[in-house]
Amino acid sequence: MAQSFDVIVIGAGPGGYVAAIRAAQLGQKVAIVEREHLGGICLNWGCIPTKALLRSAEVFHLMHRAKEFGLKAEGIGYDLDAVVARSRGVAKQLSGGIGHLMKKNKVTVFMGAATLPKKGTVSVKTDKGTEELTAKAIILATGARARELPGLEADGDLVWTYKHALQPKRMPKKLLVIGSGAIGIEFASFFNTLGAETTVVEVLDRVLPVEDAEISAFAKKSFVKQGMKIFEKTTVKKLDRSPGKVVAHLESNGQTTTQDFDTVISAVGIVGNVEGLGLEALGVKIDRTHVVTDEFCRTGIEGLYAIGDIAGAPWLAHKASHEGVMVAELIAGKHPHPIKPNSIAGCTYCHPQVASVGLTEAKAKEAGFEIKVGRFPFIGNGKAIALGEAEGLIKTVFDAKTGELLGAHMVGAEVTELIQGYVVGRSLETTEGELMETVFPHPTLSEMMHEAVLDAYGRAIHI
């Protein structure tokens, strides 16, 4: 006999588990189905464990700079297995926390693979057999996985995906990273800091291609200074594999060259987990492995919603979580606002960090805005100099006619924490005047946010 619920969530990542909690808070009887790990890719194999690895690399980097700070550190080294063990421990701790939250909010958890045999029904294949669940509302939150290109498929030995890179069997000596988006550049930064000879190949004309061009250029200069080799407008055509070695065929400007590596990380994007669910039979529209939805994450099939990575860009955990809350409130009869993709910040935790929200300078011009642009360098900020982090830039883009903050872009220490100030400003529809009149505490890195606004209007003080 089928078990009946008000809401069934398929996938317990940052979109799914948040949707389940919010629905439960609103008085709904909720079930969540997860085939692998509570917390999903983000918590177990993405956002969280990568940040733990990068923190170890950051501390290692700072240890080598001890003399700058009047300190002594000798015999500096690392234990890769211990670094990885700490990362996995952090992920395990948080995954267990999700289980506690499910119990606290009385969400029924089913561990198994879900299919949708018909509208309003979810069949779950568990270790103990098959469970049939029914609900008026079903939320798809199945996430995404690494894209694999023909000839560049991961084997876990010489060619890795992010999962292999999170639990490396060895420390690469000569590493090739294919793709310079957030995932690729974060792993490049981690292994390069630990001493791998690192090469990054990007098919587009610049690294971190979704970022403002000026920020990308600044970041590239820093990466090269750290010893990375960057190849832009370059395609990896083929990988020849032999014991302990990969020969990469790189094509640029019609010319093909070969280089030898011992390890390759493929980070060429993601594909949505849409297969095997029965979506096509239900009439769900799928475009390039992502479920097509409206601004409220409705699929067009009554009672069926899709959130997070499966519903398309931007592929960010915080976007998925916010969509989960929105959909839960919609199901409960409330009237939430739709998500505004241009007000969602993107953060990349390489060294230096990169963060942004809204339109780049180029996109603002393409959209027809007359703009004012402000910039402020880290070298002009007392806190940055005191921290020993004087390399960085904060950039703001305003509508010259209305004073609307169209976009903000940053590269440098802790910018992934700073960006939220501009996100709040955009959400509140703050103008340049209000930002100028805001008093920023001293000495802080946030003062540069103030100065970047002032500079857009010719009023910067410290440059």
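The values are calculated or read from the model by the stated rules, or taken from the named source; none is laboratory data. Remember, predicted model here, so these are calculated numbers, not experimental data. Positions of Cβ are backbone-derived with ideal geometry, glycine not excepted, and every protein chain shown enters the neighbour counts. To get the accessible areas, we keep the full protein, side chains included, count just its heavy atoms, and leave off ligands, DNA and RNA. Shrake-Rupley method; radii C 1.70, N 1.55, O 1.52, S 1.80 Å.
Give the residue that is surrounded by the fewest Cβ atoms within 10 Å (Cβ to Cβ), with candidates limited to residues of segment 114-148 that are over 19 Å from Ser4 (Cβ atoms) and of a type in the set (Asp, Glu).
The qualifying residue surrounded by the fewest Cβ atoms within 10 Å (Cβ to Cβ) is Asp127.
For segment 294-303, which positions are open to solvent by 10 Å² or more (accessible area, probe 1.4 Å) and under 22 Å from Ile41 (Cβ atoms)? Outline the logic, then answer.
Pass one, segment 294-303, residues open to solvent by 10 Å² or more (accessible area, probe 1.4 Å): 294-296, 298-303.
Result: Thr299, single match.
Only one of Asp294, Asp309, Asp399 is more than 23 Å from Gly425 (Cα to Cα), of a type in the set (D, E, K, R) and free of Cβ contacts under 8 Å to residues at least 40 places away in the same chain; which?
Going through Asp294, Asp309, Asp399 in turn, the sole match is Asp294.
Does at least one position in segment 382-401 carry a residue that is in contact with a Ser or Thr (Cβ under 6 Å, 6 or more places away or on another chain) and within 15 Å of Glu447 (Cβ to Cβ)?
Narrowing segment 382-401 to residues in contact with a Ser or Thr (Cβ under 6 Å, 6 or more places away or on another chain): 383.
Now narrow it down to the ones that are within 15 Å of Glu447 (Cβ to Cβ): 383.
Yes: segment 382-401 contains one or more residues that are in contact with a Ser or Thr (Cβ under 6 Å, 6 or more places away or on another chain) and within 15 Å of Glu447 (Cβ to Cβ).
Looking at segment 387-440 only, could you name the residues that are among the charged types (D, E, K, R), closer than 26 Å to Ala367 by Cα and more than 28 Å from the chain's Cα centre (by Cα)? Break it down into steps so the answer makes sense when it comes.
Step one: list which residues in segment 387-440 are among the charged types (D, E, K, R), which gives 389, 391, 395, 399, 401, 404, 414, 417, 426, 429, 432, 434, 437.
Going one step further and asking which of them are closer than 26 Å to Ala367 by Cα, we end up with 395, 399, 401, 404, 426, 429, 432, 434.
Passing the criteria: Lys401, Glu432, Glu434.
Sort through Glu437, Glu366, Glu391, Glu361 and tell me the only one that's closer than 28 Å to Lys51 by Cβ and at pLDDT 95 or above.
Glu391
Inspect segment 322-332 for any residue being assigned to a strand (DSSP E or B), modelled with pLDDT of 95 or more and open to solvent by 10 Å² or more (accessible area, probe 1.4 Å) and give the result as yes or no. I'd like the intermediate steps shown before the answer.
Initial filter on segment 322-332 (assigned to a strand (DSSP E or B)): none.
The answer is no, given that none of the residues of segment 322-332 is assigned to a strand (DSSP E or B), modelled with pLDDT of 95 or more and open to solvent by 10 Å² or more (accessible area, probe 1.4 Å).
Please go through segment 9-30 and pick out each residue that is surrounded by fewer than 24 Cβ atoms within 10 Å (Cβ to Cβ) and either of a type in the set (A, V, I, L, M, F, W, C) or touching an Asp or Glu at 6+ places or on another chain (Cβ under 8 Å) (or both). Walk me through how you get there before you give the answer.
We begin by selecting, within segment 9-30, every residue surrounded by fewer than 24 Cβ atoms within 10 Å (Cβ to Cβ); these are 21-22, 24-29.
Residues satisfying the conditions are Ile21, Arg22, Ala24, Leu26, Gln28, Lys29.
Within segment 96-213, considering only strands (runs of 3 or more DSSP E) that don't extend past its boundaries, which have at least 2 residues that are modelled with pLDDT of 95 or more?
Values: elements: 108-111, 113-118, 121-126, 129-140, 144-146, 174-178, 197-201.
Qualifying strands (runs of 3 or more DSSP E): 108-111, 113-118, 121-126, 129-140, 174-178, 197-201.
Any idea how many residues of segment 248-264 are open to solvent by 30 Å² or more (accessible area, probe 1.4 Å) and farther than 19 Å from Gly195 by Cβ?
9
Kindly provide the set of residues from segment 333-352 that are β-branched (Val, Ile, Thr) and in a loop (DSSP other than H, G, I, E, B), ordered by number.
Residues of segment 333-352 that are β-branched (Val, Ile, Thr), as a first pass: 339, 344, 348.
Ile339, Ile344 - these are the residues of segment 333-352 that are β-branched (Val, Ile, Thr) and in a loop (DSSP other than H, G, I, E, B).
Which condition number in (1) out of contact with any strand residue (DSSP E or B) (no Cβ under 8 Å at 6 or more places or on another chain); (2) surrounded by 15 or more Cβ atoms within 10 Å (Cβ to Cβ); (3) in contact (Cβ under 8 Å) with a residue 12 or more places away in the chain is the one that Arg55 fails?
Result: Arg55 passes all but (3).
Examine segment 153-176 for a residue that is open to solvent by 20 Å² or more (accessible area, probe 1.4 Å), closer than 21 Å to Ala52 by Cα and small (Gly, Ala, Ser), and state whether such a residue exists.
no
So Lys225 passes all but one of these: (1) surrounded by 12 or more Cβ atoms within 10 Å (Cβ to Cβ); (2) under 26 Å from the mean Cα position of the chain (by Cα). Which condition number does it fail?
In the conditions (1) surrounded by 12 or more Cβ atoms within 10 Å (Cβ to Cβ); (2) under 26 Å from the mean Cα position of the chain (by Cα), Lys225 misses (1) alone.
Output the number of residues of segment 363-382 satisfying the condition of being touching a residue at least 40 places away in the same chain (Cβ under 8 Å) and closer than 18 Å to Val453 by Cα. Reasoning before the result, please.
From segment 363-382, those touching a residue at least 40 places away in the same chain (Cβ under 8 Å) are 363-364, 372-378, 380-382; that's our starting set.
Within this subset, residues satisfying the condition of being closer than 18 Å to Val453 by Cα are 364, 372-378, 380-382.
So the count comes out to 11.
Looking at Arg288, Arg298, can you tell me which residue is over 28 Å from Leu208 (Cα atoms) and among the basic types (Lys, Arg)?
Arg298
Go through (1) touching a residue at least 12 places away in the same chain (Cβ under 8 Å); (2) of a type in the set (S, T, N, Q); (3) part of a helix (DSSP H, G or I) and name the single condition Ser216 misses.
Exception for Ser216: condition (1).
When you go through (1) open to solvent by 50 Å² or more (accessible area, probe 1.4 Å); (2) under 30 Å from His351 (Cβ atoms); (3) of a type in the set (S, T, N, Q) one by one for Asn44, which number turns out not to apply?
Result: Asn44 fails condition (1) only.
Would you mind finding the one in Lys29, Lys51 that is closer than 24 Å to His100 by Cβ, within 26 Å of the chain's Cα centre (by Cα) and of a type in the set (Lys, Arg)?
Numbers: Lys29 fails: within 26 Å of the chain's Cα centre (by Cα).
Just one listed residue meets the conditions, Lys51.
Could you check, for segment 61-72, whether at least one of its residues is within 27 Å of the chain's Cα centre (by Cα), under 30 Å from Gln353 (Cα atoms), open to solvent by 50 Å² or more (accessible area, probe 1.4 Å) and modelled with pLDDT of 95 or more?
Keep residues of segment 61-72 that are within 27 Å of the chain's Cα centre (by Cα), which gives 61-62.
Next, only the ones that are under 30 Å from Gln353 (Cα atoms) stay: 61-62.
Add one more test, that the residue is open to solvent by 50 Å² or more (accessible area, probe 1.4 Å), and what stays is 61-62.
Filter again for modelled with pLDDT of 95 or more, leaving 61-62.
Yes, because at least one residue in segment 61-72 is within 27 Å of the chain's Cα centre (by Cα), under 30 Å from Gln353 (Cα atoms), open to solvent by 50 Å² or more (accessible area, probe 1.4 Å) and modelled with pLDDT of 95 or more.
Please note which strands (runs of 3 or more DSSP E) are completely contained in segment 362-463 and include at least 1 residues that are loosely packed, with under 13 Cβ neighbours inside 10 Å. Talk me through it step by step, then tell me what you get.
On the way: elements: 371-377, 393-399, 405-411.
Where strands (runs of 3 or more DSSP E) fall fully within segment 362-463, none carries at least 1 residues being loosely packed, with under 13 Cβ neighbours inside 10 Å.
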